[in-house]
Amino acid sequence: MSGKVRRPGIRQLPSGARVADALRAAGGVRDGADLTGLNRARVLMDGEQIVVGTPPGSPTAGGAAGVATGSGGGSAAAGPVSLNTATVEQLDTLPGVGPVLAQHIVDYRTQHGGFRSVDELREVNGIGDRRFADLQPLVGP
């Protein structure tokens with residue numbers, strides 16, 4: 001958990017925990033934090049980073065921090081694009097992904113509570129075998 005929370009850092013939460021649980025574990029949000037676009041009811045994924053009160057895609061002060069909902073850790077900033085946290089604009093930078101397909105990926109993520117594996121990307125409207133093969137090494141859940 002990073003951004004405008006009282007106690008940023010990595011938190012261990014039980015499986016099935018939601019963004020609201022992570023916010024509580026981080027001591028709540030700081031005064032003036034913008035929670036627009038933060039779905040507090042969404043179920044967290046293992047190793048996911050939650051950034052509070054900063055525009056999507058902006059660098060966070062204090063380096064990498066995250067939320068672990070089981071074993072395992074976060075990913076490096078230069079690593080694969082996260083299907084669970086990337087914005088439409090970030091997904092649009094991937095080869096073969098334009099703004100419409102990027103929106104389909106975000107819509108799928110919203111409707112299904114996130115991606116549990118990269119293989120789920122095959123279920124997104126507009127992702128065929130060839131496009132999946134191109135994207136698989138560039139993305140993560």
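The values are calculated or read from the model by the stated rules, or taken from the named source; none is laboratory data. Every value quoted in this text rests on a predicted model; they were computed, and no experiment measured them. Note that we place each Cβ from the backbone using ideal geometry, even for glycine, and neighbour counts take in every protein chain shown. Just so you know, the surface numbers come from the protein's heavy atoms only, side chains and all, with ligands and any DNA or RNA stripped out. Shrake-Rupley method; radii C 1.70, N 1.55, O 1.52, S 1.80 Å.
You will find that of Ala86, Ala61, Ala20, the residue that is modelled with pLDDT under 80 and either aliphatic (A, V, I, L, M) or touching a Pro at 6+ places or on another chain (Cβ under 7 Å) (or both) is Ala61 and no other.
Which condition number in (1) open to solvent by less than 60 Å² (accessible area, probe 1.4 Å); (2) farther than 23 Å from Leu44 by Cα; (3) not in a loop (DSSP other than H, G, I, E, B) is the one that Leu121 fails? Tallying (1) open to solvent by less than 60 Å² (accessible area, probe 1.4 Å); (2) farther than 23 Å from Leu44 by Cα; (3) not in a loop (DSSP other than H, G, I, E, B), Leu121 fails exactly one: (2). Applying the criterion of being under 15 Å from Ala86 (Cβ atoms) and touching a Leu at 6+ places or on another chain (Cβ under 7 Å) to the residues of the range 124-139, the residue that is surrounded by the most Cβ atoms within 10 Å (Cβ to Cβ) is Leu135. Regarding Asp92, is this residue at pLDDT below 95 and surrounded by fewer than 14 Cβ atoms within 10 Å (Cβ to Cβ)? When the stated conditions are applied, Asp92 does not pass them. Every condition in (1) modelled with pLDDT under 90; (2) touching a His at 6+ places or on another chain (Cβ under 8 Å) is met by Val124 except one, and the failing one is (1).
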